[in-house]
Amino acid sequence: MTALLEIKNLQTHFHIGKRVIKAVDGVTLSVQPGETLAIVGESGCGKSVTAMSIMRLLPSPPAKHSGQVLFEGRDILNMSMEDVQNIRGKEISMIFQEPMTSLNPAYKIGDQIAETVRVHDRDGGKVSKKAAWDRAVEMLEKVGIPGAAQRARQYPHQMSGGMRQRVMIAMALACNPKLLLADEPTTALDVTIQAQILDLIRELAQEFNTALVLITHDLGVVAEMAQKMAVMYAGRVVEQGAVTDVFARPHHPYTAGLLDSIPRLDGMKKQRLHTIEGMVPDLAHLPQGCTFADRCEYRQALCGQKKPELGTVDGGRQVACYYPLNLTGGDQP
Amino acid sequence: MSNRDSNLLTVNDLRKHFPIKGGLFGRTVGTVKAVDGVSFSIKRGETLGLVGESGCGKSTTGMMVLRLLEPTSGDILFEGENVAQFNKSRLKDFRRQAQIVFQDPYASLNPRMSVGDIIAEPMILHGIAKGPDLTKRVEKLLRLVGLGPHHGRRYPHEFSGGQRQRVGIARALAVNPKLIVCDEPVSALDVSIQSQILNLLVELQQEMGLTYLFIAHGLNVIKHISDRIGVMYLGKMVELAGGDELITDPWHPYTRTLISAIPKPQPGQKSNRIILQGDVPSPANPPNGCRFHTRCPECTEICTLTEPEFKQRNGRFVACHHV
């Protein structure tokens, strides 16, 4: 297969003193070229750690990886740091949630983008300072910053939150990467600005034919942006499939519960919302069986004994559950 | 006024201007008009939602209603009496009837106090209970918000975000208030926990007849919990109407934009999204005329010249020249 990114049973455990925190504990997913995959889950489910692991951004120790992260067939987890450097920024780049903390306050934004271009340029040859600067201005125009040539000479504090996120996108796409990891790119922004930024990301990803891994907790963002989605819970992918299918027929009780918990604009006023009782388990003391079993309304004896593996049902859909919901009559995993 | 009995709270032309200090001698060089003439009323047992983007003045409004911030001008009538003119002892009395739940359950609980002590403190301050009676009331409050009596001995760091928000709610309920200002009470919580807290707030309102001023930036949350909704933009209220009417038939262009900007959890449904150009202008230097005119898709000449009045029509309020 020609998957751009293929993650096989990724585990990222943090060894802190005697405790082992299993932040990511079995993530399997794949992204095709040009495709948008959304990773969705609540805080602490391991979605950001998964992205950081793909980029090898976590210091080791305490982080310990196992499994495989294949980018165009090469395992990033087994690469030398030098090879990883060659992939970062150039083949895979990343945008973070907080645009203020991910930009250097002491440098002009044009210089920060130009630096990315000079360090990572595809041909490996030298890019002149002038050419890199011109590329920076061009990118700022692309992300819709008015007066790009003047704005390039400004510092991050002179820009609003939405503008800073545009700068981050310009930087991330400056070297025309094949894969963009966007970790909650609009969570810190107001809705009207979020609408601008989501539109921009979608347009540019299409124009540059960049595959996108979009990490978010907002199911609305998933529905609008992605073709495929992976739902994570307590460090594991519990369900994966095409966005329209998962929304129409969630197989995992957690996915179904999440979808039902969102208050909707067309819902009845003050009507009781669906709740998922209880809390996410402690990642240092994960239960032996299914991690969701404690909160699951469909739990049976088997669920507490052994962890269900991610298996294929209903042609192409994947779910990690012994008793999946809403099956159309396909094979049980 | 005839509706004096049905309205628990009436706010008239409320303003808060913060001075900008600058220069060598710290002179006032300008003002940030955080809230600039906001009026609304809340009936007993009703929930009024305030929605808007960051910097629109919704939290400042909530803080002024409780006099946690001093208003620059305007009236706040609580059961017909002007809170803005209360002296210290009247204010203390008033705070027994009006309480607040904050957004950040991490920052609004004292880490050095046990949860039981946190909930007991307002009852001690207001001389409501002491001794064994106090302990009993604390236990009752803990149960009311879905926690157990054993939780009272624990400290805030031992709780999850959702549980801490429950503690914050129990503390607000301790003095048996009539009005609770909820300032983004679920914004910091995950979806599955958010729905637990929203359900709790609705149940408590129905059981105890509470009145809420509910502030949030998430329109879907506001729509869920509110009877009526006020939309704020840059220190002004631009529209105020019943929740269903506002969502299905928004009158103000900004309200329409807000509704269209929310990503809907319905894949495949192409939304006719209105995308606004640019950012919210600075409240230190708001545009002339209608404050929304710099970003409004329906702006005409009059909008740049005169500020539209916040007028009543068919029981709704809206501030726009083009309704």
Residue in the stretch B:268-300 that is nearest to the other protein chains (Cβ to nearest Cβ), counting only those that are at pLDDT below 85 and surrounded by 20 or more Cβ atoms within 10 Å (Cβ to Cβ): B:L276
Complete set of residues in the stretch B:254-267 that are more than 8 Å from every other protein chain (Cβ to nearest Cβ) and touching a residue at least 40 places away in the same chain (Cβ under 8 Å): B:Y254
Just to be sure before I move on: is A:G316 over 23 Å from B:S195 (Cβ atoms), surrounded by fewer than 20 Cβ atoms within 10 Å (Cβ to Cβ) and in contact with a strand residue (DSSP E or B) (Cβ under 7 Å, 6 or more places away or on another chain) in the structure I sent? yes
Selection count, the stretch B:223-233, where residues are more than 9 Å from chain A (Cβ to nearest Cβ) and surrounded by 23 or more Cβ atoms within 10 Å (Cβ to Cβ): 5
B:Q206 - would you say it is touching a residue at least 12 places away in the same chain (Cβ under 8 Å) and farther than 17 Å from B:S59 by Cα? no
I'd like to check something: does the stretch A:196-213 contain any residue that is within 10 Å of chain B (Cβ to nearest Cβ) and not in a helix (DSSP H, G or I)? no
Going by the structure shown, is A:I193 within 11 Å of another protein chain (Cβ to nearest Cβ), at negative phi, buried (at least 23 other Cβ atoms within 10 Å of the Cβ) and out of contact with any Phe, Trp or Tyr (no Cβ under 9 Å at 6 or more places or on another chain)? yes
For the structure I just gave you, tell me whether B:Q103 is touching an Asp or Glu at 6+ places or on another chain (Cβ under 7 Å) and either in contact (Cβ under 8 Å) with a residue 12 or more places away in the chain or not aromatic (F, W, Y) (or both). yes
Tally up the residues in the stretch A:8-45 that are within 11 Å of A:V237 (Cβ to Cβ), buried (at least 23 other Cβ atoms within 10 Å of the Cβ) and in contact with a helix residue (DSSP H, G or I) (Cβ under 9 Å, 6 or more places away or on another chain), please. 6
On the given criteria, is A:M163 open to solvent by 10 Å² or more (accessible area, probe 1.4 Å), closer than 16 Å to A:K90 by Cα and either at pLDDT below 90 or assigned to a helix (DSSP H, G or I) (or both)? no
Being in a loop (DSSP other than H, G, I, E, B) and surrounded by 21 or more Cβ atoms within 10 Å (Cβ to Cβ) narrows it down to one of A:P146, A:P99, A:P61, so name that one. A:P99
Leading residue by the ranking (farthest from B:H17 (Cα to Cα)) among those in the stretch B:235-253 that are crowded, with 24+ Cβ neighbours inside 10 Å and within 13 Å of chain A (Cβ to nearest Cβ): B:L246
Does B:A129 meet the test of being surrounded by fewer than 21 Cβ atoms within 10 Å (Cβ to Cβ), among the aliphatic types (A, V, I, L, M) and within 20 Å of B:I215 (Cα to Cα)? no
A:T244 vs (1) within 11 Å of chain B (Cβ to nearest Cβ); (2) open to solvent by less than 30 Å² (accessible area, probe 1.4 Å); (3) among the β-branched types (V, I, T); (4) closer than 20 Å to B:Q269 by Cβ: all pass except (2)
Conditions (1) open to solvent by 30 Å² or more (accessible area, probe 1.4 Å); (2) in a strand (DSSP E or B); (3) modelled with pLDDT of 90 or more: number failed by B:V35: (1)
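For every residue, the table says whether it meets (1) within 20 Å of B:D190 (Cβ to Cβ); (2) facing chain B (nearest Cβ under 9 Å); (3) at pLDDT below 95; (4) surrounded by 22 or more Cβ atoms within 10 Å (Cβ to Cβ).
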| position | (1), (2), (3), (4) |
| --- | --- |
| A:V231 | yes, no, no, yes |
| A:A234 | yes, no, yes, yes |
| A:R264 | yes, yes, yes, no |
| A:Q271 | no, yes, yes, no |
Single residue of B:L198, B:L173, B:L179, B:L189 found to be hydrophobic (A, V, I, L, M, F, W, C) and at the interface with chain A (Cβ under 8 Å from one of its Cβ atoms): B:L198
Identify all residues within the stretch A:276-298 that are buried (at least 16 other Cβ atoms within 10 Å of the Cβ) and out of contact with any Gly (no Cβ under 8 Å at 6 or more places or on another chain); write none if there are none. A:P281, A:F292, A:C296
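The values are calculated or read from the model by the stated rules, or taken from the named source; none is laboratory data. Since the model is a prediction, treat every value here as computed from it, not as a measurement. With ideal geometry, Cβ positions are generated from the backbone for all residues, glycine too; neighbour counts draw on all protein chains shown. Only protein heavy atoms, including side chains, enter the accessible area calculation; ligands, DNA and RNA are left aside. Shrake-Rupley method; radii C 1.70, N 1.55, O 1.52, S 1.80 Å.
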